[in-house]
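See structure below.
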Amino acid sequence: MSGRKTITPTHRYRDNDKAVGVGNAFWDRSEREGVAGIVAELAGGVLRTADGHEFVNFTCCSYLDLDSHPDVIEGAVTALRRFGVLDHCIPRSRVQIPALLELEASLGELWSADVITAISAGVASAGLLPLIASGHLGDGTRPLMAFDKNCHVSMAGAKPACADETEVVTAPHHDIDWLEDQCRAYERVCYVVDGADSLGGYAPVKELAVLQDKYNLLVYYDDSHSVSAYGERGMGYIRANAPILDERTITVATLNKAFGTSGAAVLLNGYDKHAHRVIERFAGALCYSQPMNTAAVGASLASAEIHRSAELATLQGKLNANVALFDSLVDTEQSATSYPIRIVPMADDTVIDAGRRVYEAGFYVSPVFFPIVARGTAGLRVMLRAGQTEDQIRRLGAVLAEVGAARPQVA
Ligand SMILES: Cc1ncc(COP(=O)(O)O)c(C=O)c1O
């Protein structure tokens, strides 16, 4: 015995023993079986490993393929030349080049919101949620922070920091009655939830709006999976459907999925200059010296222009057609929803072998299985994109049928 103290963690809001202990088994097995840890070059929409294996990625969130759009690439290069610096390293609250302001004005006009950029949605949520918890972003009241059980880890990861400022609870998934009980009991509640779930489905925006109206409920949405892919000018599910878009609704969205660039946008309405300054000065990494760099800003300005053009609707149409084609080939629980993610159900003990066989046939789909998801809910995660060809989707459908997708309907 050294006589020195050992530490017993409280694990009230996070538990790395559990996360690493349980999750690593999943990752080790995935890597051993060759369906994780893959390194490949991308050319013409096809990935190629050093030993010559070629495959099409069907687990990539660039739903409109804007990340390789010539205008987006050119936009990055042009902005670098125009501003002459990749990242002028100093907090923007002190000195900034006009790049971010230009992008925020462009995105603000595009989606009719006040926009604050961040280097990622995860960074935005880690910075904003504790400010909401302390009442500094909101109406001054410390709200009960109710994190939806299924909310993305980039938001759930902020629970310990929020818990130092207020009370934190995990909310049953989309349970409006439960939420109303909390609204009756607490002076103010903030509900933290995905706008579009990464495993499919949308937030109940209309029911939430009733509580927002009745109890001044604040809702913090992460709409990363639907921005660009959904709605006019790619405004996303929340901006297109939420009846209340004022200071009671804050939306964060990555720019790294369908938008096709890098960084994130926080969409706000009804917050004054003072609130914006508080964010700029106190929202964690949003105030450090690394904002979105100039290449990301230039790429994003170019992507915003595509969102203003007729091309956006064409790309959304192609994405929807690809989703419909896949649904006609493979039946999943998500079939016929307007969401580009599908989980092809498989048995726990065969899913990883199926994923490997699909990969060998020239397609990457990520196997998800216990302990990452509950036993009995294993499957192959498929993401449709606008740029996938009909032939690629049909061939994938056939391969999925061969490897034993639970309810295949190969045309
Ligand atoms: C719902 C959701 N939010 C946030 C993120 C992370 O976005 P970012 O990489 O910009 O932090 C992801 C993606 O992994 C996501 O699925």
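The values are calculated or read from the model by the stated rules, or taken from the named source; none is laboratory data. Just so it is clear, the model here is predicted, and its values are computed rather than measured. Backbone-built Cβ (ideal geometry, glycine too); neighbour counts: all protein chains shown.
So the values come out like this:
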| quantity | calculated |
| --- | --- |
| Test: residue in the range 289-305 that is more than 16 Å from the ligand (Cβ to nearest atom), out of contact with any Asp or Glu (no Cβ under 9 Å at 6 or more places or on another chain) and not small (Gly, Ala, Ser) | no |
| Exclusive hit being among the acidic types (Asp, Glu), within 16 Å of the ligand (Cβ to nearest atom), in the same structural domain as residue 253 (by TED's automatic domain parsing) and modelled with pLDDT under 95, set 197, 222 | 197 |
| Hits in the range 23-57 (condition: of a type in the set (A, V, I, L, M, F, W, C), under 18 Å from residue 372 (Cβ atoms) and surrounded by 14 or more Cβ atoms within 10 Å (Cβ to Cβ)) | 26, 35, 36, 38 |
| Residues satisfying the stated conditions in the range 329-343, i.e. over 12 Å from residue 384 (Cβ atoms) and touching a residue at least 40 places away in the same chain (Cβ under 8 Å) | 331, 333, 343 |
| Where residue 181 falls short, out of the listed (1) assigned to a helix (DSSP H, G or I); (2) in contact with a Leu (Cβ under 9 Å, 6 or more places away or on another chain) | (2) |
| Residue list for the range 230-271, filter: among the small types (Gly, Ala, Ser) and in contact (Cβ under 8 Å) with a residue 24 or more places away in the chain | 234, 236, 242, 253, 258, 260, 262, 263, 264, 265, 270 |
| Hits in the range 161-184 - residues which are closer than 23 Å to residue 197 by Cβ, more than 16 Å from the ligand (Cβ to nearest atom) and not acidic (Asp, Glu) | 162, 168, 169, 170, 171, 172, 176, 178, 179, 182, 183 |
| Residue 150, sole failed condition from (1) part of a loop (DSSP other than H, G, I, E, B); (2) more than 16 Å from the ligand (Cβ to nearest atom); (3) closer than 22 Å to residue 204 by Cβ | (2) |
| Matching residues in the range 1-27 - criterion: being touching a residue at least 24 places away in the same chain (Cβ under 8 Å) and assigned to a loop (DSSP other than H, G, I, E, B) | 12, 13, 14 |
| The range 225-271 - residue that is assigned to a strand (DSSP E or B) and not β-branched (Val, Ile, Thr) and, of those, farthest from the ligand (Cβ to nearest atom) | 268 |
| Which listed residue is more than 22 Å from residue 123 (Cα to Cα), of a type in the set (Val, Ile, Thr), more than 21 Å from the chain's Cα centre (by Cα) and in a helix (DSSP H, G or I), from 278, 210 | 210 |
